[in-house]
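Just so it is clear, none of the values below were taken in a lab; they were calculated from the coordinates. Quick caveat, the model's predicted, so the values are computed rather than measured. Every residue, glycine as well, gets a Cβ built from its backbone with ideal geometry; the counts of neighbours run over all protein chains shown.
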Amino acid sequence: MLLTHDKGFANIVAYPPDQYAGIVRVNIHPPRLDLVIEALTKLLAEMSPGHFAGRLITLDTFGYRLYPPLEGER
């Protein structure tokens, strides 16, 4: 799984999520370590490891967004 602040990796045309073990794009500004750790801790508590594969996850201080969404979510 790739964990990055680089917004370029959120480009699903250049980096199709289904071809990766998971891409987590951290969108927290300023990127303070305590805020990133808190957001990652929440993400890991809510998602099982199998849900990362083939997805782009955009993580911010309010939560996260999945592409593609989990089945039953929009």
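Rounded to whole numbers, the Karplus 3J(HN,Hα) couplings from phi for the range 60-71 are 9, 5, 9, x, 8, 10, 10, 9, x, x, 5, 4 Hz, using 6.51 cos²θ - 1.76 cosθ + 1.60 with θ = phi - 60°, and x at Gly and Pro.
In this structure, the amide hydrogen of Gly54, modeled 1.01 Å from its nitrogen in the peptide plane, lies closer than 5 angstrom to those of Tyr20, Ala21, Gly22, counting only residues at least 5 positions away or on a different chain. Projecting the Cα positions of Leu70, Ile28, Pro49 onto the charge dipole of the chain (unit charges on Cβ atoms of Lys, Arg, Asp and Glu, taken about the Cα centre) puts Ile28 furthest along the positive direction.
Over the chain, Cα pairs under 8 Å with separation of 6+ residues give a relative contact order of 34 percent.
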